[in-house]
Amino acid sequence: MPRLGGSGHKGRPYEPIISHFQEHEEPVEPIISVKSLTKTYRLGNVDVPALRGVDLVVQEGEFVAVVGPSGCGKSTLLHVLGGLTGPSEGQVCIDGNDFRLMSDADRTRFRRHKIGFVFQRFNLLPTLSARDNIAIAQHIQGNGFNPHRFETITRMLGIEKKLLHRPFALSGGEQQRVAIARAVICEPKILLADEPMGNLDTENSQVVLDMLRELNRTFRQTILMITHNPEAAGIANRVIRMRDGRIISD
Ligand code: ADP
């Protein structure tokens, strides 16, 4: 697959990138393609519009920060992209797979194989060691334990000496690094991170941010990260600003 000329394009998503390719090259299919996406929650008799028409194209290897005021639809966008909730209208294509054409079971399987999640709360299983919290993801995916990948990731995230600890014996930063390891251990196509530094102090936030950047650089890991942290937004190679359920700048 041809590499993008200058990942982290800053401008409009698709057309300028295509124009970089020579005639004989196949255009690269975006890893995320969203068209006219809307999502309205129903609360009793009240409709709560969370997304009001989002168009978004992300190429493989991009590190995208999603920013905007609370309630503007950032988490909803991530949840729809991750197949955790369905859209009300519009098209969501991830790695060439149109969610509308997939059954719920197919979408769950797809999510397990292609998408990693990191949340503000680390969501580790309290009775399992760090090692088992990470390894369980490989078992759930069904491909069994991959020692090489395990070692590479835990070393990159600097948690190789903490693997026998249970979550309560780890700092917040270490717990989040374990959660990131769990999210990427199965080599997902996309890592979706919802305020991954939201529960961390400045020092640990910086460490986690550095690790995400390293994952992006080393493995060309595509990352979409919601953040309120201006430094985090500065480190991403693209910043999407949302307001009232729409993307207002990209
Ligand atoms: P953000 O992540 O930017 O804070 P959200 O996507 O969480 O925004 O929320 C967007 C809007 O949708 C808000 O008005 C929020 O109250 C509403 N909302 C989010 N989740 C639900 C839900 N499960 N049920 C009803 N309303 C929701």
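What's the angle, to the nearest 10 degrees (0 to 90), between helix 172-184's Cα axis and the longest principal axis of the chain? Helix 172-184 sits at roughly 60 degrees to that axis. A dipole drawn for the range 99-250 from +1 and -1 charges on Cβ atoms has a positive end, and of GLN221, LEU125, LEU209 the residue lying farthest that way is GLN221. A straight chain from ARG246 to ARG155 at 0.36 nm per residue would run longer than the Cα-Cα distance by 28.9 nm. When Rg and Dmax are taken over the Cα atoms of the chain, they come to 18.1, 56 Å. Relative to the longest principal axis of the Cα atoms of the chain, helix 104-114 runs at roughly 60 degrees.
Between LEU128 and ASP106, the simple spin-label model (points 7 angstrom out along Cα→Cβ) gives 2.9 nm.
According to the Cα gyration tensor, what semi-axes, each the square root of 5 times an eigenvalue, does the equivalent ellipsoid of the range 147-234 have, listed from largest to smallest in whole Å? Don't skip to the end; give the middle numbers.
Details: eigenvalues 74, 59, 21 Å².
After scaling each eigenvalue by five and taking roots: 19, 17, 10 Å.
Which values of log₁₀ I(q)/I(0), to two decimal places, follow from the Debye formula for the range 100-214 at q = 0.16, 0.21, 0.22 Å⁻¹ with a uniform point scatterer at every Cα? Log10 of I(q)/I(0), two decimals: -0.70, -1.17, -1.27.
Note on HIS228 and ILE140: the model spin-label points, each 7 Å out from Cα along the C-beta direction, lie 2.7 nm apart.
A short reminder: the numbers here are calculations on the coordinates, not readings from a lab. Being a predicted model, the structure only gives us computed values, none of them experimental. FYI the Cβ positions are ideal-geometry reconstructions off the backbone, even for glycines, and counts take in every protein chain you see.
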